[in-house]
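For reference, the structure discussed in these notes is given below.
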Amino acid sequence: MSEYINLQKDVWRGLTGDDAQLPHAMLFVGKEGVGKRELAEVLAARLLCESKPAPHAPACGACASCQMWAAGTHPDYRLVQPEAESESDEGEGEATPGEKKKASKQIRIQQIREIEAFFYIGSHRGGARVCLIDPAESMNAVTANSLLKILEEPTASFYFIMISHRWHGLLPTLISRSRQVMFSPPSDADANAWLEQNKLGSAKSWLPFYGHAPLALAQAHQRGQLKALESLLADLLAPQDPLAQAAKWEAHVKTDGAMSMEVLVTTVQKWLLDLGLVAQGAAPRYFPHKNNALDALARKLSILLLMEAQKQVAQIRRLASHPLNARLFLEDLCVRAFRPLKNS
Ligand SMILES: [Zn+2]
């Protein structure tokens with residue numbers, strides 16, 4: 001558990017100094033994969049722990065409450081998330097698109113009603129109660145308003161922890177009723193230490209690609225995405241004929257579930273951005289470990305054509321999720337993206 005504390009040391013210290021000062025409604029904000037959900041769970045376990053942990057210490061891990069927590073059966077804890085989320089926890093990639101549609105991506109009003117009942121029924125163990133909502137943006141206005149009614153009630157040792165990756169669209173009242181806790185990506189040193197600890201040290205060169213969010217990188221690794229990306233990047237650093245490239249990538253996208261069309265286009269965009277940076281003498285942002293190969297390519301390109309290619313790829317990007325014809329889409333992408341290199 002403490003491995004997540006190390007990724008967000010400052011946030012943890014800020015939240016665990018004096019429990020009497022801890023706000024009852026917290027909104028954890030920050031980009032995906034920086035450890036918001038994980039730290040929320042470590043904090044929940046600490047709040048529920050019956051051994052009264054010292055300031056900044058995690059839950060004891062041994063008391064009756066901690067044992068129930070570990071077994072996933074703590075009666076004073078609730079996790080609220082969209083149905084689609086809890087299903088994908090079990091077997092991602094197995095459901096067909098038709099089946100996936102059935103599971104809601106929204107938190108349903110019924111789930112909030114259950115929280116209301118949980119709120120009014122009182123504590124089972126006589127201690128704190130915790131409700132985790134992940135992510136808050138999956139509540140629509142009606143659902144969020146019914147949650148607000150609960151947040152407005154006076155609370156004794158009841159804690160709401162809401163998690164949000166895209167908090168700008170949340171109801172202003174939801175934001176004003178809770179304490180915002182900002183999560184930044186951890187330092188590269190802390191992220192690398194975490195990756196090493198989780199036997200992912202060899203993947204650390206991909207950290208910039210994933211916005212320095214180590215948990216996003218770990219998840220991508222688990223899905224087999226890194227291998228597909230390695231191959232894609234190798235293609236981009238040694239570009240061939242656009243049509244031949246499109247044919248190869250079509251096979252990638254079709255046979256390799258780890259590589260979606262969106263990820264492919266995003267990678268091409270990041271490669272174009274890095275080429276632009278290197279061409280202007282700056283350091284690459286997403287692929288610093290490929291600085292030399294990028295530099296060799298950048299020497300051969302026209303910066304004007306590169307800027308045009310960046311614009312065009314950004315324009316066709318929104319078609320990536322539903323291209324009418326995958327091959328034609330990829331041919332179009334490759335022709336546009338490789339044009340700045342044409343005269344090399
Ligand atoms: Zn404990």
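When +1 charges are put on Lys and Arg Cβ atoms and -1 charges on Asp and Glu Cβ atoms, the dipole computed for region 185-327 relative to its Cα centre reaches about 220 debye.
Applying the criteria of a DSSP loop state and at most 15 other Cβ atoms within 10 Å to the chymotrypsin sites (Phe, Trp or Tyr not before Pro) of region 143-213 yields no site.
Distance between the pseudo-spin-label points of Arg108 and Gln219 (7 Å out from Cα toward the beta carbon): 2.3 nm. Distance from the Cα centroid of region 102-155 to that of region 238-279 is 42 Å (rounded to whole angstrom). Considering only protein heavy atoms, what per residue accessible area in square angstrom results for the chain with a 1.4 angstrom probe? Dividing the accessible area of the chain by its residue count gives 51 Å².
An ellipsoid equivalent to region 223-341, defined through the eigenvalues of its Cα gyration tensor, has semi-axes of 22, 16, 12 Å when rounded to whole angstrom and sorted largest first.
Using the Cβ atoms and a cut-off under 15 Å, what net charge is assigned to the surroundings of Lys52, where Lys and Arg are +1 and Asp and Glu are -1? Net charge in that neighbourhood comes out at -1. Under the shape rule built on the C-alpha gyration tensor, where the axes satisfy a ≥ b ≥ c, region 2-184 is rounded, since a/c falls short of 1.5. How far is helix 188-197 tilted off the main Cα axis of the chain, in degrees rounded to 10, range 0 to 90? The angle comes out at about 80 degrees. From its DSSP helices (H runs of at least four residues, each -39,500 (n - 2.57)), the chain gives a residue-normalised ellipticity at 222 nm of -15500 deg cm²/dmol. Give a quick list of GluC sites (Glu not before Pro) in region 201-285 that DSSP marks as loop, anything other than H, G, I, E or B, with at most 14 other Cβ atoms within 10 Å. Answer by residue number: there is no such site.
Taking Cα atoms only, the orientation of helix 109-121 departs from the longest principal axis of the chain by about 30 degrees.
Checking every one of the trypsin sites (Lys or Arg not before Pro) in region 175-221 against DSSP loop status and a limit of 13 other Cβ atoms within 10 Å picks out Lys199.
Each 10 Å bin from 0 upward holds the following percent of the Cα-Cα pairs of the chain: 5, 21, 27, 23, 15, 8, 2, 0. The C-alpha atoms of the chain define a longest principal axis, and helix 303-317 lies at about 50 degrees to it.
When the solvent-accessible area of the chain is split by element, carbon and sulfur atoms take up 51 percent of it, the probe being 1.4 Å. Only Lys, Arg, Asp and Glu carry charge here, each on its Cβ (+1 for the first two, -1 for the last two); on that basis region 2-184 has a dipole of about 440 debye about its Cα centre. Over the C-alpha atoms of region 11-65, the Rg to Rh ratio, Rh being the Kirkwood estimate, stands at 0.97. Assuming charge only on the beta carbon of Lys and Arg (+1) and of Asp and Glu (-1), the dipole of the chain about its Cα centre is about 820 debye to the nearest 20. Of all aspartates and glutamates in the structure, those lying under 15 Å Cα to Cα from Lys52, and not within fewer than 8 positions of it along the same chain, are Asp18, Asp19.
In order along region 322-336, the phi-based Karplus estimate (6.51 cos²θ - 1.76 cosθ + 1.60, θ = phi - 60°) of 3J(HN,Hα) comes to 9, x, 5, 9, 4, 5, 4, 4, 5, 4, 4, 4, 5, 4, 5 Hz; Gly and Pro are listed as x. Students often get this wrong: which residues of region 268-285 have the backbone nitrogen under 12 Å from the point 7 angstrom along Cα-to-C-beta of Ile303? Within reach of a label on Ile303: 276-282. Under a 5 Å amide H cut-off, with hydrogens placed 1.01 Å from N, Val80 pairs with Leu132, Ile133, Asp134 among residues at least 5 apart or on other chains. For the residue pairs Lys31/Lys254; Lys227/Lys300; Lys9/Lys36; Lys31/Lys105; Lys199/Lys248, alpha carbon separations beyond 21 Å are given by Lys31/Lys254; Lys227/Lys300; Lys199/Lys248.
The values are calculated or read from the model by the stated rules, or taken from the named source; none is laboratory data. Keep in mind that what you see is a predicted model, and the values were worked out from it rather than measured. All Cβ positions, even for glycine, are placed from backbone atoms using ideal geometry, and neighbour counts span all protein chains on display. Note: accessible area is taken over every heavy atom of the protein model, side chains too, but ligands, DNA and RNA are not part of it. Shrake-Rupley method; radii C 1.70, N 1.55, O 1.52, S 1.80 Å.
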